[in-house]
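Colleague: This structure is in structure tokens; I'll ask about it shortly.
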Amino acid sequence: MSKIVVEKSPPLKGTVRVSGAKNSALPILAASLLGTEDIVLEDVPSLRDVDVICEVLASLGSEVERYENGKIKINSANLNKHETPYELMSKMRASFLVMGPLLTRLGKAKTSLPGGCAIGTRPIDLHLKGFKALGAETDVDHGNIEAYADKLIGDRIYLDFPSVGATENIMMAAVLAEGETIIDNAAMEPEIVDLANFLSKLGADIKGAGTSSIRINGVERLGGAIHSVIPDRIEAGTYMVASAITGGDIIIENVITSHIKPVIAKLRETGCEIWENGDKLRVIGVDSRNAVDVKTLPYPGFPTDMQAQFMSLMSVSKGTSVVIETVFENRFMHVDELKRMGADIKIDGRSSIIQGVDSLTGAPVKATDLRAGAALILAGLIAEGQTTIDHVYHIDRGYDGIEKKLTKLGAKIYRTE
Ligand code: UD1
């Protein structure tokens, strides 16, 4: 199994371009099952998760053609299967997002319970609550989920928590349902807006995406479209922390700065200088950072997907910080790994208390999930000696060319087979 080796690196310098957002690309690829004409997607990141969902689409009867430069052409006119293969579903939670499109287009869908990052129990009750409200019958049996309905009928659905995946799945099911669907307490993430924009290009009638109440009027059929995926705000945030933790000075291109306001604000509180200029950000780190507290929340709050990376930064900041995780109940698995590198962190339920230390020491560590892996790379950049990261397939699920991009910024990072 390949490993990533990171050595103590100089302050990062230079320019890095952010790729298309994983969390936009995956639902949009799932939504392409809904169109009956050619769909062309641009700026799709080159990631293992994208490979998996493309395989899922092909297994269902879609034609999928991939090109070098992040372009994917899909035609789902001949969509003819409603069952997804277990091997693919078990690899990635987001593959469950094909459920809504299959149900609404074919009247039935069968998948196995989703896999993916092990960050808490991650139930799917809210997705199923939505399908049921639209009139579907659902069966959950021996790890399989089946949903069927002759015709979905729009309804009003309240989400007990603004789940990103449930909002997307229900939105995709509702676009071909009869009449009006309203999703209340919907997730407001930029990726929801991107999905809604894409669906609208296909011919869907959606209003309010990006607010907590989304209104969808069902249409008879959807066609084709050309769509560029929005930039990845979490990838941008990760490079921002890379600059901050090494005391670097980097420019990050292809950023929608309004999507990462909390990360910008929190980094400024640590003492970093951040300049915004159109779709570019300049992040200048400082030698000695202030400890700051962070609480993860649904958008527009501080993203849970940046919590682990921030914890690496806080591990080597001046003073004590408290990081509270409110979105997932078990997302501190990176803490044990950071402690192996000398971090001083205590966990109390959903809170962790980090006492900044002067330096970390390289060690053999394990990426326990995607963002945890990114956090270890960041810690490795400033740890004395060498950090060897195992289970890097997690990192490959969500970061397009991370070693190449960091190397270009002057980091000492390479992969061993
Ligand atoms: C998406 C993102 C992930 C991010 C997360 C929160 C993708 C592909 N992944 O994951 O990177 O960390 O949003 O921003 O976009 N929940 C329920 N019942 C459900 C669904 C969710 O209780 O039916 C709970 C989850 O257990 C969790 C919380 O809601 O505690 C948030 O989950 P959700 O927003 O659904 O995350 P994902 O869509 O899985």
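Colleague: Hey, could you pull the Cα Rg and Dmax for the chain, both in Å?
Modeller: 21.2, 63
Colleague: Another question, if that's okay. GLU269 to THR416: FRET efficiency via 1/(1 + (r/R0)^6), r the Cβ-Cβ distance, R0 30 Å, to the nearest 0.05?
Modeller: With R0 = 30 Å, the Cβ-Cβ based efficiency is 0.20.
Colleague: Leaving out ligands and nucleic acids, and using a 1.4 Å probe, what accessible area per residue does the chain come to in Å²?
Modeller: Normalised by residue count, the accessible surface of the chain is 38 Å².
Colleague: With the crude spin-label approximation of a point 7 Å out along Cα→Cβ, what separation in nm comes out for LEU106 versus ARG66?
Modeller: Going by the 7 Å Cα→Cβ label model, 2.2 nm.
Colleague: A further question follows. When the Karplus curve 6.51 cos²θ - 1.76 cosθ + 1.60 is applied with θ = phi - 60°, which whole-Hz ³J(HN,Hα) does each residue of the stretch 268-276 get, with x for Gly and Pro?
Modeller: 4, 4, 6, x, 5, 9, 10, 10, 9
Colleague: Follow-up question, since we're still on this one. What are the residues whose amide H is under 5 Å from the amide H of GLN386, where those residues sit 5 or more places off or on another chain and H is modelled from the backbone?
Modeller: GLY362
Colleague: Remind me, relative contact order of the chain in percent, using alpha carbon pairs under 8 angstrom and six or more residues apart? If you can, show how the numbers build up before the last one.
Modeller: Details: 1050 pairs, mean separation 85.8, N = 417.
Relative CO of the chain lands at 21 percent.
Colleague: Which lysines, on any chain, are close to LYS318 with Cα under 24 Å apart, when same-chain ones fewer than 8 places away are left out?
Modeller: LYS8, LYS13, LYS261, LYS266, LYS295, LYS339, LYS346
Colleague: List, in order, the whole-Hz ³J(HN,Hα) value for each residue of the stretch 378-394 obtained from phi through the Karplus relation with A = 6.51, B = -1.76, C = 1.60 and θ = phi - 60°; use x for Gly and Pro.
Modeller: Per residue, the Karplus-derived 3J(HN,Hα) values read 4, 5, x, 5, 10, 6, 5, x, 10, 10, 10, 9, 9, 6, 6, 4, 4 Hz.
Colleague: Hey, another quick one. Quantify, in whole percent, the carbon and sulfur part of the accessible surface of the chain (1.4 Å probe; protein heavy atoms only).
Modeller: Solvent-exposed carbon and sulfur of the chain make up 48 percent of the total.
Colleague: Can you list the aspartates and glutamates whose alpha carbon is less than 20 Å from that of LYS132, not counting same-chain residues fewer than 8 positions off?
Modeller: Those aspartates and glutamates meeting the cut-off are GLU83, ASP141, GLU146, ASP150, ASP155, ASP160, GLU168, GLU178, GLU180, ASP184.
Colleague: Under a plain spin-label model, where a point goes 7 Å from the Cα along Cα-to-Cβ, how far apart in nm are ILE324 and VAL219?
Modeller: 4.3
The values are calculated or read from the model by the stated rules, or taken from the named source; none is laboratory data. Since this is a predicted model, take the numbers as computed values, not measurements. Every residue, glycine among them, receives a Cβ derived from its backbone with ideal geometry; neighbour counts consider all protein chains shown. Note: accessible area is taken over every heavy atom of the protein model, side chains too, but ligands, DNA and RNA are not part of it. Shrake-Rupley method; radii C 1.70, N 1.55, O 1.52, S 1.80 Å.
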